[in-house]
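Heads up, the thing below is written out as structure tokens.
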Amino acid sequence: MGDESQSQSQSLLNKKSILYARSKSHAYDELCVFRRWLKWMCVDQSDTLSTVLSWFVFIIFAIVVPCLSHFLLACADCDANHDRPYDNVVQLSLSGVAALSFICLTRFVKKFGLRRFLFLDKLCDESETVRKCYMEELNRSLKILFIFVLPCFAAESVYKIWWYSSGGTQIPFLGNVIVSDIVACLLELSSWLYRTTVFFLVCVLFRLICYLQILRLRDFAQIFHIDSDVETVLREHLRIRRHLRIISHRYRRFILLALVFVTASQFASLLMTTRSTADLHIYKSGELALCSLSLLAGLLILLRGAVRITHKAQAVTCLAAKWHVCATVDSFEAVEGETPPISQIASNQVFPVTSEGSSDADDVGDEEDEFDNTKFVHSYAYSTISFQKRQALVTYFEHNRAGITLYGFMLDRSYLHTIFGMELALVLWLLGKTVASIA
């Protein structure tokens, strides 16, 4: 008996090791190109040397260079165009979100590994459509990252080149003014690029993971169009809810702290720009506006990804209810036969049934999807699933809504309205204090 239990435990350990080996990354897997870009961005921590280099680059470009830029390179005796009164808010905001993003990304990769973090180890259980679409989105995510980073970096480059070339600083720390300005300009631009890239990288990765769950939900919606039983539907929905709970648990600190950092940055900017002595010239406040735009863009990526997947997950309830109704109607029609009752004939005369290919479907456009649409579900459920089972499944969906949560609060559209109301109340309070002090 003891040998049998030992053999069973050994087989379980072997299965766990096989599963763990499946989640490991190797040099020639589907993450090869993605990992190469992470190395170029100096955020890869796959080995000891890469980890040391990653932390070294982070300390240099997120801490050292911003401090030198603020305390040494910003000239105190510059003219009105080259003065930088909002530099402290810009440096603190970018360094704060960069540090938050870098620490969270380091924790994710160290604890889960890149494959497990991106749920690539779970793709073997998905359909071919989900795997193909997710790999396409994975390759496309880097393009999305550059779409957000490069315009901000181009605007910052124009500002920094103008600021240094027009005599913004005269600190010859290398013995030559021109060489010193070139080196300082390159360091500041590299610091800006690094901090915004790290922040947008974590936001784009969250969007990528949410897109995988949307693909799963689309695949899950097809269950209602085939002859499936309640247990299959319930098991698949529980699996999706578990993955959404994992994503929420991993990203909840980052989303909350990012919201706090961005809100604090925006209110500090608003407080400084609404003073009576504030100078809002483009040469002075342009960099602050660019910083605020970058932070808000990253925050919108996070919130939009969370709200979108929550909306899709909660729309399953509507789809299941429609599936239940259509199955019930089909079952009654099958029992009653082909002769329609008088009430149905009168109803058809008052509300004529139109075909799905009518012009009404063309008027809707892209507002309807596989969850929220006005098409009938051609269900086969009446032949295999009883009314009580379908009703129990719909009741389960109504009382177990899935989605991205933030410490128990569902990140849906109503939550966004609450955030907007709180932000607006704080803005109005701050403006009231500012106007009262001016008066």
Item to check | Three principal axis lengths of region 204-248 [C-alpha, angstrom, descending] | outcome: 37, 17, 6
Item to check | Nearest-10 value in Å² for the accessible area of GLU128, using the 1.4 Å probe | outcome: 120
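The values are calculated or read from the model by the stated rules, or taken from the named source; none is laboratory data. All values reported here derive from a predicted model rather than from experimental measurement. The accessibility values were calculated without ligands, DNA or RNA, using every heavy atom of the protein model including side chains. Shrake-Rupley method; radii C 1.70, N 1.55, O 1.52, S 1.80 Å.
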